[in-house]
Amino acid sequence: MRAAILHAVGNDKLDIRDDVTLAPTGPAEVRVRIRATGVCHSDLSAMSGVLPQPVPLILGHEGAGEVVEVGEHVTSVKPGDHVVISWRPACQECELCVGGQPYMCMKYVVESFSKGNFRFGGDDATAFGMAGCGTWAEEILVPWQGAIKVDDDLPWEAAALIGCGITTGVGAVLNTAKVRPGSTVAVIGCGGVGLSVIQGARLSGARTILAIDPLESKHELARKVGATHAVTPEQVPGALQELTGGSGFDYGFEVVGKSATIQSAWQLTRQGGDVIVVGAGAMDDMVSISAFSLLFEGKTLKASLYGESDVRHDFPYFAKLHKSGLLDLESMISSRIRLADLNDAVEALRGGEVLRQIVLMD
């Protein structure tokens, strides 16, 4: 089958080849034929080493497809089912899982660094899948907990977006922040996940939603999906005064993954408000907040990993919101491309102008 391989961290180009095979399906695994997969900024972070991953690596973690084969112990799905891939499968047995935090489960994260399901080349060299997935391949193997069944009438593109961007962004609002109706929200970063945060804020009934992004080309779409106002970083002081009287927003979402923008979100948020970090940053990018303000301003700094979602509930729920017209996924797709176009897609994502490019498998 075809797949896009990163041979070394820091490489700018992917090796798109057609001699890739999969390991045999294990008793608790599911083999999925990928039908659609997104090009997410986290894929760039894996290429650059910001998000550590083993190599050789088949990138891609936001995807959806059709079940081809299941292991003998799998009862949750069957061949022919349509599924969304979860890049953070929960074992459903550990203390975190049974305690209500399945998105923190590390079992399969750890396993993904030692278990490579892909083989390539004449000597059958092993390749790993990003986050244990590798959706930039025509077929993948995942634990049964990583293949979540959805209705067959959900378009493949929408299903793929739910696998990461939508769940991360909308989940940050609904699950982590629990944004209250009538509140004020600021969102720093209007990429695919940032737009999902904006949609989540709209769904929650926020009265004011400020979208902040240096690229004015993204402002119109931010307004289309729910932002009431959109500004560049230089225009923030004026917007802060106009929209909140200078007191700050009830919720500040950081969707970039940089210490500077986390601190900006902190400064934008009112006393007693919530600052939610959604962007994935580098291990050596340190955030500095004064101990005095941390106590006396009464703000809460929260992390939102994968939207704090239980994907068994949230994937089908977000699909229903989309089908009912409440969640706009179509507007978030910049282009539909083929697997052979992935190097161009990666370069376009580096440029910052595109939102979600969706690979449709032939």
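Residues to consider are VAL255, VAL179, VAL231; find the one that is within 21 Å of GLN267 (Cβ to Cβ) and surrounded by fewer than 24 Cβ atoms within 10 Å (Cβ to Cβ). Give the derivation first.
On the way: VAL255 fails: surrounded by fewer than 24 Cβ atoms within 10 Å (Cβ to Cβ); VAL179 fails: surrounded by fewer than 24 Cβ atoms within 10 Å (Cβ to Cβ).
The conditions single out VAL231.
Among what's in segment 34-61 and is within 15 Å of the chain's Cα centre (by Cα) and polar (S, T, N, Q), pick the residue that is surrounded by the fewest Cβ atoms within 10 Å (Cβ to Cβ).
Selected residue: SER45.
Would it be correct to say that ILE140 is under 19 Å from VAL359 (Cα atoms) and part of a strand (DSSP E or B)?
Criteria met by ILE140.
Mind listing whichever residues of segment 195-224 are part of a helix (DSSP H, G or I) and among the hydrophobic types (A, V, I, L, M, F, W, C)?
Those that are part of a helix (DSSP H, G or I) and among the hydrophobic types (A, V, I, L, M, F, W, C): LEU195, VAL197, ILE198, ALA201, LEU203, LEU221, ALA222.
Please find, within segment 69-96, the residue that is farthest from LEU141 (Cα to Cα) out of those that are hydrophobic (A, V, I, L, M, F, W, C) and surrounded by 21 or more Cβ atoms within 10 Å (Cβ to Cβ).
Across segment 69-96, the extreme among qualifying residues is ALA90.
Could you check segment 76-88 and list, in sequence order, the residues that are in a strand (DSSP E or B) and under 16 Å from SER309 (Cα atoms)? Spell out how you get there, then give the answer.
Of segment 76-88, the ones in a strand (DSSP E or B) are 82-85.
Once the filter is applied, which keeps residues that are in a strand (DSSP E or B) and under 16 Å from SER309 (Cα atoms), segment 76-88 yields VAL84, ILE85.
All but one of (1) part of a loop (DSSP other than H, G, I, E, B); (2) under 27 Å from LYS302 (Cα atoms); (3) not assigned by TED's automatic domain parsing to the domain that holds VAL32; (4) not hydroxyl-bearing (Ser, Thr, Tyr) hold for CYS91, so report the exception by its number.
Against the list (1) part of a loop (DSSP other than H, G, I, E, B); (2) under 27 Å from LYS302 (Cα atoms); (3) not assigned by TED's automatic domain parsing to the domain that holds VAL32; (4) not hydroxyl-bearing (Ser, Thr, Tyr), CYS91 comes up short only on (3).
Looking only at segment 259-284, count how many residues are modelled with pLDDT under 95 and under 19 Å from ASP213 (Cα atoms). Talk me through it step by step, then tell me what you get.
Kept after step one, since they are modelled with pLDDT under 95, are these residues of segment 259-284: 279-284.
Filter again for under 19 Å from ASP213 (Cα atoms), leaving 279-281.
Number satisfying all stated conditions: 3.
From the set of residues in segment 94-122 that are outside any loop (DSSP other than H, G, I, E, B) and closer than 17 Å to GLU29 by Cβ, which is farthest from the chain's Cα centre (by Cα)?
ARG119
For segment 185-206, enumerate the residues that are surrounded by fewer than 24 Cβ atoms within 10 Å (Cβ to Cβ) and either in contact with a Phe, Trp or Tyr (Cβ under 7 Å, 6 or more places away or on another chain) or basic (Lys, Arg) (or both).
The answer is ARG202, and nothing else.
Which residue out of THR176, THR208, THR126 is assigned by TED's automatic domain parsing to the domain that holds HIS7 and either on the phi > 0 side of the Ramachandran plot or among the polar types (S, T, N, Q) (or both)?
Numbers: THR176 fails: assigned by TED's automatic domain parsing to the domain that holds HIS7; THR208 fails: assigned by TED's automatic domain parsing to the domain that holds HIS7.
THR126 is the lone residue from the list that is assigned by TED's automatic domain parsing to the domain that holds HIS7 and either on the phi > 0 side of the Ramachandran plot or among the polar types (S, T, N, Q) (or both).
Working only within segment 110-126, note down all residues that are out of contact with any helix residue (DSSP H, G or I) (no Cβ under 9 Å at 6 or more places or on another chain) and crowded, with 16+ Cβ neighbours inside 10 Å.
Passing the criteria: GLY116, PHE118, PHE120.
Just to be sure I understand, how many residues within segment 149-190 are under 20 Å from VAL32 (Cα atoms) and over 16 Å from the mean Cα position of the chain (by Cα)?
8
Read through the list (1) crowded, with 21+ Cβ neighbours inside 10 Å; (2) farther than 25 Å from GLY279 by Cβ, then give the number of the only condition that GLY129 fails.
Tallying (1) crowded, with 21+ Cβ neighbours inside 10 Å; (2) farther than 25 Å from GLY279 by Cβ, GLY129 fails exactly one: (2).
Which numbered condition in (1) surrounded by 24 or more Cβ atoms within 10 Å (Cβ to Cβ); (2) farther than 29 Å from GLY80 by Cβ is the only one that LEU161 fails?
Against the list (1) surrounded by 24 or more Cβ atoms within 10 Å (Cβ to Cβ); (2) farther than 29 Å from GLY80 by Cβ, LEU161 comes up short only on (2).
Which of the numbered conditions does ARG312 fail, given that it passes all the others? Conditions: (1) within 19 Å of CYS164 (Cα to Cα); (2) among the charged types (D, E, K, R); (3) outside any helix (DSSP H, G or I).
The failed condition is (3).
The values are calculated or read from the model by the stated rules, or taken from the named source; none is laboratory data. Just so it is clear, the model here is predicted, and its values are computed rather than measured. We place every Cβ from the backbone using ideal geometry, glycine too, and count neighbours over all the protein chains shown.
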